[in-house]
Every structure is written in C-alpha cells, then in structure tokens.
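Engineer: Here it is, the structure, as structure tokens.
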Amino acid sequence: MSADIIQLVEQAGPYLSAAVGAYGAAVLGQAEDRAVNAAADATAGLGRRILRVAWHRRDEAGRAALESAVQTAAEEPNDTDAAAALRQQIKRALREDAELVREVAGLLTAAGGVTVNVSGTRAIGAHHIGVAASGDHTTIHLPQQ
C-alpha cells in the first residue's frame with residue numbers, strides 16, 4: 001500500500017470522526033440539510049465531504065461496507081475499533097481509485113489541515129510552539145526583556 005494513502009487516511013481520520021460525531025449515520029445522506037450544515041463546524045463538514053465523495057465513487061458492495069462502518073462508528077463513538085474500521089473502508093476506497101486519492105488530497109490541502117504525530121512518554125505535540133519542556137525538574141531560562 002502506498003505511503004501516500006496511509007498518510008491521507010491518517011490526516012482524514014479526525015475529520016471522519018468529527019463528521020460521524022456531528023451527523024451520525026446520516027452523514028452519507030443524499031439531501032443537504034442546511035440547518036445541520038450550518039451547525040456543524042468546518043472539521044465535521046470536511047469529514048462529511050470526504051465520506052460522501054468516497055461513497056459516491058464506490059460500487060454497491062463498497063457503499064454497503066462504508067455505510068456499515070459509518071453506522072457502527074455512529075452507534076459507538078468511543079470505540080476505537082469502530083473508528084479504525086471506518087478508516088479501513090476509506091483506505092480501501094483510496095487504494096482502488098487513484099482519482100479519489102487526488103480528490104481527497106485536494107480537500108485536505110484546501111482545508112489547510114495539519115497533522116502532528118506524537119509518540120512516547122512525555123512527548124509534546126504542537127503545530128506552533130514557543131517554549132515547551134517535558135520532564136522532571138526542568139528549568140527554563142527566558143531572555144530578559
């Protein structure tokens with residue numbers, strides 16, 4: 001599997017979760033509900049667009065699998081396995097459709113999304129940061145102004 005697809009799915013993950021959290025299983029619905037769209041934030045809106053474009057590009061079996069993953073994730077919002085199953089469906093769709101890869105990449109780029117991966121004990125993750133310290137008995141000396 002392409003590293004690009006893995007990276008896209010990692011970047012899209014928070015948006016997908018936000019969309020399912022905001023819209024529930026109705027996230028794939030055909031009708032645009034302007035009141036719901038107005039209430040949802042940009043993160044959920046982007047997740048919804050990603051899910052809908054993937055759904056529209058799938059065959060009948062692919063749509064059914066994606067709908068099932070969305071339904072499960074909506075019913076069990078705190079279940080990390082359900083969220084992973086949804087990401088797996090998106091990954092499968094991306095592997096099978098190069099145009100979908102370009103479209104999702106474009107959506108994420110247009111949104112200006114930033115992914116910060118953090119790992120390890122006391123790791124610090126931030127997009128922009130001034131001074132950060134992690135550890136016991138840390139002393140920070142700031143220049144005098």
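Engineer: Residue 102 - would you say it is surrounded by fewer than 16 Cβ atoms within 10 Å (Cβ to Cβ) and at pLDDT 90 or above?
Structural biologist: yes
Engineer: Within the set of pairs 6 or more residues apart or between chains, which connect a residue that is over 20 Å from residue 112 (Cβ atoms) and in contact (Cβ under 8 Å) with a residue 40 or more places away in the chain inside the stretch 46-63 to a residue that is aliphatic (A, V, I, L, M) and surrounded by fewer than 16 Cβ atoms within 10 Å (Cβ to Cβ) with Cβ atoms less than 9 Å apart?
Structural biologist: Nothing qualifies.
Engineer: Name the residue, out of 94, 66, that is assigned to a helix (DSSP H, G or I), over 13 Å from the mean Cα position of the chain (by Cα) and under 13 Å from residue 12 (Cα atoms).
Structural biologist: On inspection, the qualifying residue turns out to be 94.
The values are calculated or read from the model by the stated rules, or taken from the named source; none is laboratory data. Bear in mind that the values here come from a model prediction, so they are computed numbers and not experimental data. Don't worry about glycine lacking a Cβ; one is built from the backbone with ideal geometry, like all the others, and counts go over all protein chains shown.
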